[in-house]
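The values are calculated or read from the model by the stated rules, or taken from the named source; none is laboratory data. Note that the coordinates shown come from a computational prediction; the quantities given were computed from them, not determined experimentally. Ideal geometry is used to build each Cβ from the backbone, glycine not excepted, and the neighbour counts take in all protein chains shown.
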Amino acid sequence: MTQEKNIRADQREIEEAFTGDYTKKVHIVGRFSIVIVLVLSFLPVLYMHFIKGYQMPIDKYLNVAFAITALCIGFWLTEPFTWFPILGSAAMYMGYIAGNVKNIRVPVARQLRSKYGLSAAEPKGQIITTVGVAISVYVNLIILTVIVVFGSFLVSVLPPIVIEAFTYVIPSLIGALLAFRISESGWIVTLKWSVPAIIIFALMKTGTIGFLVDFGMSTSIGITILIGYIIYRTQGGKAKEE
Amino acid sequence: MTQAVKNVNSIVLVFAILLIGYVIVQATFFLRHALKFNEKYKLFSKEEIKDAVQASAISSIGPSFSIVVIVLAMISLIGPAVTWMRSGVLGSADYELWIADIVSTQLGVTLGGEGFTEAAFTVAIFGMVLASAPFMVNCLITLKPLDKAMMKAAKKKNSFIPLLGMTAELGMMGYWALENGTKGASSTAAIAASLLTAMAVVTWCQKGGHTKLSNWILAIALIAGMIVATIVQSIVG
């Protein structure tokens with residue numbers, strides 16, 4: 001009994017430390033990093049425009065800005081929200097600075113949490129996700145650098161069938177991620193909670209909600225969460241992962 | 001590669017090194033911060049952390065190769081330094097290439113072609129940065145309040161948070177699987193083969209306690225999916 005109380009007290013201490021100082025520092029550094037990276041990203045444009053004199057009229061910049069805003073505003077507003085419940089803050093700051101959130105950061109986070117049986121909501125899950133995503137940043141940058149430097153050589157020595165096989169990395173990744181979820185929640189739960197995505201995909205394909213076609217995945221995530229929340233509320237907060 | 005593309009790439013290289021250097025610094029800070037917390041509160045043993053590092057490194061290799069083809073296409077159009085900078089920071093290769101193409105269309109030039117001058121390339125880089133920057137601004141504004149909301153909700157006895165994680169994941173996975181699986185028989189085969197392989201390896205690892213092998217699940221599943229998809233593609237043509 002006393003031992004159980006001690007474990008609970010330890011747990012509370014860990015949670016308080018995690019939600020206190022630890023998370024506070026994550027946001028300070030994460031926000032500071034975003035500002036630094038934004039400035040550094042626009043720096044080559046400013047340098048080439050003002051110092052090197054590679055100039056185009058301002059209306060060209062405005063046209064480009066309007067076109068990109070019209071095309072991307074939906075992604076800008078919705079995408080970060082969709083990954084937050086899966087990654088958490090520290091991994092989100094790293095993911096959105098290093099890129100490739102869906103293709104690399106999410107799979108690495110999922111494999112690790114599946115391996116240790118943890119959720120993103122608990123400190124343990126967050127710590128291991130942060131470790132995994134940081135390592136994925138290093139590995140991805142090394143591979144990217146090798147591809148950029150030796151890419152043409154690699155393509156010339158690799159058989160065409162191997163190059164073609166690379167186009168199947170993403171569908172293969174999807175299969176593996178589904179397997180992690182099935183191994184945690186079972187086939188029935190996985191299929192049950194995939195139904196909203198199936199319906200939304202069918203509605204997109206048939207053109208019923210074709211106007212949302214560019215935001216298919218965000219819509220699917222948003223609707224699935226909403227259904228989950230409605231069920232959670234109607235069951236008086238008792239619905240769990242089932 | 002035109003002279004204009006070469007000129008811009010030689011200038012951008014310094015900025016690319018600075019940016020990628022900062023990405024490494026930031027990842028190192030978060031890694032150290034997490035490890036210090038772990039050391040203080042003993043959430044994972046040293047062996048478990050080592051194992052997690054190994055698992056993450058292995059799991060990152062396969063997905064990193066998904067960009068090979070698109071990165072090579074990018075290099076031929078916009079040069080190696082810009083490709084490196086745009087694929088390594090703030091973006092992903094396919095998104096960047098799409099944006100660069102939109103910009104050149106807006107300017108009435110061909111991406112990487114003769115009319116793609118240094119000035120046009122500068123506007124293209126502006127477009128690529130602009131297309132990714134608002135994602136970061138969104139994170140800058142929303143992550144802290146989201147975190148607070150999540151922590152508050154997680155404190156409830158019957159929290160919605162575990163269900164939130166699962167619904168978000170399956171909303172994403174279900175749609176992503178259908179989007180890719182309906183592209184053709186070979187893509188469907190890749191999903192099915194990697195799913196079944198991963199399931200088999202997960203079960204085998206759980207039943208046999210093969211912890212080392214569990215680090216390789218993603219890599220094994222990717223290879224199985226790619227092999228089966230390539231075989232199916234060669235059969236159905």
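Among the residues of region B:161-185, those identified as at the interface with chain A (Cβ under 7 Å from one of its Cβ atoms) and either out of contact with any helix residue (DSSP H, G or I) (no Cβ under 8 Å at 6 or more places or on another chain) or more than 21 Å from A:LEU203 (Cα to Cα) (or both) are B:ILE161, B:PRO162, B:LEU163, B:LEU164, B:GLY165, B:MET166.
Here's the yes/no breakdown for (1) at the interface with chain A (Cβ under 8 Å from one of its Cβ atoms); (2) within 22 Å of A:CYS72 (Cβ to Cβ); (3) not in a helix (DSSP H, G or I):
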site	(1), (2), (3)
B:ILE67	yes, yes, no
B:THR83	yes, yes, no
B:ASP94	no, yes, no
B:ALA100	no, yes, no
B:VAL103	yes, yes, no
B:GLY113	no, no, yes
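Is it the case that some residue within region B:49-62 is surrounded by 22 or more Cβ atoms within 10 Å (Cβ to Cβ), modelled with pLDDT under 85 and farther than 30 Å from A:LYS24 by Cα?
Filtering region B:49-62 for residues surrounded by 22 or more Cβ atoms within 10 Å (Cβ to Cβ) gives B:52, B:55-56, B:59-60, B:62.
Subset that is modelled with pLDDT under 85: B:62.
Subset that is farther than 30 Å from A:LYS24 by Cα: B:62.
Checked against the condition, which is being surrounded by 22 or more Cβ atoms within 10 Å (Cβ to Cβ), modelled with pLDDT under 85 and farther than 30 Å from A:LYS24 by Cα, region B:49-62 yields at least one hit.
Candidates in region A:38-66 are the residues that are more than 35 Å from the chain's Cα centre (by Cα) and either in a helix (DSSP H, G or I) or among the aliphatic types (A, V, I, L, M) (or both); of these, the one that is farthest from B:ALA131 (Cα to Cα) is A:ILE51. Filtering region A:74-113 to residues that are crowded, with 22+ Cβ neighbours inside 10 Å and more than 7 Å from every other protein chain (Cβ to nearest Cβ) leaves A:TRP83, A:LEU87, A:GLY88, A:ALA91, A:GLY95, A:VAL101, A:ARG105, A:VAL106, A:ALA109, A:ARG110, A:ARG113. Considered as a group, the residues in region A:146-158 that are closer than 22 Å to B:ILE58 by Cα and more than 7 Å from chain B (Cβ to nearest Cβ) include one that is surrounded by the most Cβ atoms within 10 Å (Cβ to Cβ), and that residue is A:LEU154. In region B:6-29, the qualifying residues are those that are modelled with pLDDT of 95 or more and among the polar types (S, T, N, Q), and the one that is surrounded by the most Cβ atoms within 10 Å (Cβ to Cβ) is B:GLN26.
Scanning region A:9-27 for residues that are modelled with pLDDT of 90 or more and basic (Lys, Arg), we see that the one that is nearest to B:LYS155 (Cα to Cα) is A:LYS24. All of (1) modelled with pLDDT of 80 or more; (2) more than 16 Å from A:MET94 (Cα to Cα) hold for A:GLY30 with one exception: (2). Take the conditions at positive phi and out of contact with any Pro (no Cβ under 7 Å at 6 or more places or on another chain) and apply them to A:GLY99. Does it pass? So A:GLY99 passes the test. Restricting attention to region A:164-174, the residues being over 16 Å from B:SER60 (Cα atoms) and at pLDDT 85 or above number 1. Whether a residue is under 21 Å from B:ILE99 (Cβ atoms), at the interface with chain A (Cβ under 9 Å from one of its Cβ atoms) and in a helix (DSSP H, G or I) was assessed, and B:VAL53 does not pass this test.
Scan region A:202-224 residue by residue and report those that are touching a residue at least 24 places away in the same chain (Cβ under 8 Å) and surrounded by 15 or more Cβ atoms within 10 Å (Cβ to Cβ). Explain how you work it out, then say what you get.
Start the filter on region A:202-224 by keeping residues that are touching a residue at least 24 places away in the same chain (Cβ under 8 Å), which leaves A:214-215, A:217-218, A:220-224.
The answer is A:PHE215, A:MET217, A:SER218, A:SER220, A:ILE221, A:GLY222, A:ILE223, A:THR224.
Of all the residues that make up region B:125-146, how many are surrounded by fewer than 21 Cβ atoms within 10 Å (Cβ to Cβ), facing chain A (nearest Cβ under 7 Å) and under 30 Å from A:ARG233 (Cα atoms)? Summing the residues that are surrounded by fewer than 21 Cβ atoms within 10 Å (Cβ to Cβ), facing chain A (nearest Cβ under 7 Å) and under 30 Å from A:ARG233 (Cα atoms) in region B:125-146 gives 4. Scanning region B:181-216 for residues being surrounded by 18 or more Cβ atoms within 10 Å (Cβ to Cβ) and free of Cβ contacts under 8 Å to residues at least 60 places away in the same chain gives a total of 17. A:ILE161 meets the conditions (1) at pLDDT 85 or above; (2) within 7 Å of another protein chain (Cβ to nearest Cβ); (3) under 25 Å from the mean Cα position of the chain (by Cα) in every case but one. The failed one is (3).
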